[in-house]
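Below you'll find the structure, written out as structure tokens, and then a few comments.
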Amino acid sequence: MKGHDIIDPIDELIPPSRPWWVRLFVGVAIVSVMGLGAALWGFGYVFPQPDCCGSTSGSAEMSLTADGTAVTVTALIFNSSGRDLRISRATADLPGARVLGIAMLDESNSTFPISRTEPLPAVVGARTLRRLVITFVPTTCEDEPEPWGSVAVHLDVVNESWPSFGRTYTIPDPVVDQGHSVWSPDAAINATSTTPLAAACALLGRSSN
């Protein structure tokens, strides 16, 4: 047997090279799958991306609860993606206050003061702005005229066709940023000159001194 006819056993373990068109097809398929996955992820089809495609802002609304024992303040959440998102739970940090609960403002409650809320979980539709309602009691009446409060929500994509990955999302804007509206029964509170905790105490009839 001639030397060049000798086959190395290692060579038998290496599969023969595929035709060029097969390699091209496999490469295109891999790139396509990766591109589709990135698009589904980036545009919020499988991973909640409420701030993927825009933002909005607005002022918080503050009012007494129906029984007059606590105060509510609203926090905006804007879903700029093209998918409905489900808020399964939410937490709020309001310095100088004790948070009693968080719900979603009922979409039929178009005017203030707040009369109807819906409990979590709740859905924020695609490209929709909704308001969370935070019920709290101030533990102090003194605060500074600066951004106040933050809210974090746990989101899932409302999906029937694709798997969904949940995430905890902190709403980028503070609960009260540059202004808030106070719905007082006697219309005696000037929101433009009242800080959030002072306004809450005034609604409850407590002195800020």
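Table for the structure above
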item	result
Residue satisfying all of: in segment 162-209; hydroxyl-bearing (Ser, Thr, Tyr) and modelled with pLDDT under 65; farthest from residue 49 (Cα to Cα) among these	208
Subset of segment 86-123 that is hydrophobic (A, V, I, L, M, F, W, C) and at pLDDT below 90 - its residue that is surrounded by the fewest Cβ atoms within 10 Å (Cβ to Cβ)	112
Segment 147-161 - residue that is part of a loop (DSSP other than H, G, I, E, B) and within 24 Å of residue 120 (Cβ to Cβ) and, of those, modelled with the highest pLDDT	149
Any hit, segment 124-145, residues being over 21 Å from the mean Cα position of the chain (by Cα), surrounded by 15 or more Cβ atoms within 10 Å (Cβ to Cβ) and modelled with pLDDT under 80	no
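The values are calculated or read from the model by the stated rules, or taken from the named source; none is laboratory data. All of these numbers come straight from a predicted model, not from anything done at the bench. Glycine gets a Cβ as well: all are built from the backbone with ideal geometry, and neighbour counts include every protein chain shown.
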